[in-house]
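Q: Pasting in a structure now, in structure tokens, and then I'll have a few things to ask.
The values are calculated or read from the model by the stated rules, or taken from the named source; none is laboratory data. Owing to the predicted nature of the structure, the values given are computational and were not obtained by experimental measurement. Every residue, glycine among them, receives a Cβ derived from its backbone with ideal geometry; neighbour counts consider all protein chains shown. Ligands, DNA and RNA are excluded from the accessible area calculation, which covers all protein heavy atoms including side chains. Shrake-Rupley method; radii C 1.70, N 1.55, O 1.52, S 1.80 Å.
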Amino acid sequence: MRLLTHNMLSSNIKGVTNGFPLRIEAEKVVEKVVEMNADFLKKMFEKIDWKAFADASRAMGYAELPEEADSSMLESDEFLQRYHHALLELHLEEGALICPETGRRFPVNKGIPNMLLHEDEV
Amino acid sequence: MKLKQLEGLLGGLQQFPRPKVELEQYPTGPHIASRMLYTAENSFDDVSNKVVADFGCGCGTLGVAAALLGAEHVVGFDVDPESLEIASLNAEALELDMDFIQSNVMDLQWRGRVVDTVIMNPPFGTRKKGADMDFLSVALKVASEAVYSLHKTSTRDHVKRAALRDFNASNAEVLCELRYDVPQLYKFHKKKEVDIAVDLWRFVPASL
Ligand SMILES: C[S@@+](CC[C@H](N)C(=O)[O-])C[C@H]1O[C@@H](n2cnc3c(N)ncnc32)[C@H](O)[C@@H]1O
């Protein structure tokens, strides 16, 4: 699972009101190089919750993103590289996503988070 | 990529080894899947450089097709872990980076509308009545640009009414009618394959 996916999902347990962002527990992170698409990154910048993204990247062991970002930074190639790397090249392979409100763990195995709910959570 | 080439690559994907009837697991054949995504890309520009979600992705055929056509980020969702494992192997075999999430698409909570396009071949609802309409309702809340889906032609009027009236779609259009060979998954089917008419739909969600 890449951080772009992490940025769009909340904890889905019934009754949870502040389910975003899911906390990341990383046991194994893999990196896969993909070509950078600057236009895509610029478009996504509007949609991303930057704070959650930067925190998530740190949980994945990548500490190169600024705490806060504004659209003027998109002019910098170095910034785009880091943003690209964190958003699309880091994969959470083994670990867990944790509901920020209830502490419920959603395990991640072979890169696939299991977000199926138990009967009493739906 | 040419249509023929896309169809060829999809034809090489591994499909459900043991289809689970209660989940309506039948793959979208390479003929239909390639046309569905090819049209989305070439007639509507809804695939390349987009964030695409594949609802009920099964072994990943539709999502793989989107990734092959240049989607920037593809996420497949399915309840069934076995299918997801195959889907992820299918993606790997073609050197595509795709994400997969094991979940019931009805139960997900989304932050904002990050997804541009939803593609799906939902359960037709032969097992769980209304399943295709439930999928559509969620898809129209998640996508910001378009939803592509297959529904039985016999339900055309109903689909259109529900999409526009109940799910707030701003547009609902049948792009073409296709013949779908649903394999003999059901004991009560006498023939080996059942050829049914399905519509390929494009829906536009209400603008925010
Ligand atoms: C008709 S198959 C389509 C499979 C695949 N998309 C394809 O085109 O080859 C429907 C898929 O939806 C999945 N499914 C059924 N109900 C679901 C639900 N509530 N949430 C997520 N997936 C579901 C099934 O496991 C199955 O893989």
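Q: Just checking the output field for B:67-76: average partner chain Cβ neighbours within 10 Å of each residue's Cβ?
A: On the way: counts 0, 0, 0, 1, 0, 11, 9, 1, 6, 1.
Per residue, the number of nearby Cβ atoms from other chains is 3 on average.
Q: Separate question: So what's the angle, to the nearest 10 degrees on a 0 to 90 scale, between helix A:50-59 and the longest Cα principal axis of chain A?
A: 80 degrees
Q: Same structure, new question: Between B:ILE196 and B:PHE44, what FRET efficiency comes out of the Förster formula 1/(1 + (r/R0)^6) with R0 = 25 Å and r the beta carbon distance, rounded to 0.05?
A: Details: r = 25 Å, r/R0 = 1.01.
Efficiency computed from Cβ-Cβ geometry: 0.50.
Q: Also: Picking from B:VAL159, B:THR39, A:GLY15, whose Cα lies most toward the positive end of the charge dipole for the protein assembly as shown (charges on Cβ: Lys, Arg +1; Asp, Glu -1)?
A: Checked the options; the winner is B:VAL159.
Q: Over the Cα atoms of chain B, what Rg and Dmax result, in angstrom?
A: For chain B, the Cα radius of gyration and maximum Cα-Cα distance read 15.6, 48 Å.
Q: Same structure again: Ballpark to the nearest 100 Å², how much total accessible area do A and B bury together, probe 1.4 Å? Please list the in-between numbers first.
A: On the way: alone 7200 and 10240 Å², together 14830 Å².
When A and B are taken together, about 2600 Å² of accessible area is lost.
Q: OK, next. Per residue, how much accessible area does segment A:3-117 have with a 1.4 Å probe, in Å²?
A: Details: 5370 Å² over 115 residues.
That works out to 47 Å² for each residue.
Q: Then there is this: Using per-residue counts of other Cβ atoms within 10 Å, averaged over each peptide, order B:106-117, B:133-144 from highest down.
A: Details: B:106-117: 18.2, B:133-144: 21.0.
Averaged packing, sorted descending, gives the order B:133-144, B:106-117.
Q: Mean 1/r over all different Cα pairs, inverted: what Kirkwood radius does segment A:4-122 give, in Å?
A: Values: mean 1/r = 0.0662 Å⁻¹.
Value: 15.1 Å, from the Cα pair sum.
Q: Work out which residues of segment B:78-120 lose at minimum 50 square angstrom of accessible surface when the other protein chains are put back, relative to the chain isolated, with a 1.4 angstrom probe, and list them by number.
A: B:ASP97, B:ASP99, B:ILE101, B:GLN102, B:ASP107, B:GLN109, B:ARG111, B:VAL114
Q: Where the centre of each part is set by its Cα atoms, how far does segment B:94-151 sit from segment A:27-102, in angstrom?
A: 24 Å
Q: With an 8 Å Cα cut-off and a minimum separation of 6 or more residues, compute the relative contact order for chain B in percent. All intermediate terms of the calculation are to be shown ahead of the outcome.
A: Working: 431 pairs, mean separation 35.8, N = 208.
Relative contact order for chain B comes out at 17 percent.
Q: What does the helix-only formula give at 222 nm for the protein assembly as shown: each DSSP H stretch with n ≥ 4 adding -39500 (n - 2.57), the total divided by the residues, and the result rounded to the nearest 500 deg cm²/dmol?
A: Details: 10 runs with 93 residues, N = 330.
Taken over the protein assembly as shown, the calculation gives -8000 deg cm²/dmol.
Q: Using a 1.4 Å probe on the protein heavy atoms, what percent of the accessible area of segment A:3-117 belongs to carbon and sulfur?
A: Details: 2480 of 5370 Å².
Taking all protein chains in place, segment A:3-117 shows 46 percent carbon and sulfur surface.
Q: Looking at segment B:27-107, which GluC sites (Glu not before Pro) are DSSP coil and have at most 13 other C-beta atoms within 10 Å of their C-beta? Mind dumping the intermediate values first?
A: Numbers: sites: B:GLU41, B:GLU72, B:GLU82, B:GLU85, B:GLU92, B:GLU95; in loops: B:GLU72, B:GLU95.
Passing both the DSSP loop test and the Cβ count: B:GLU95.
Q: Hey, another quick one. How large is the charge dipole for segment A:3-117, taken about the Cα centre, if only the Cβ atoms of Lys, Arg (+1) and Asp, Glu (-1) carry charge, to the nearest 20 debye?
A: 680 debye
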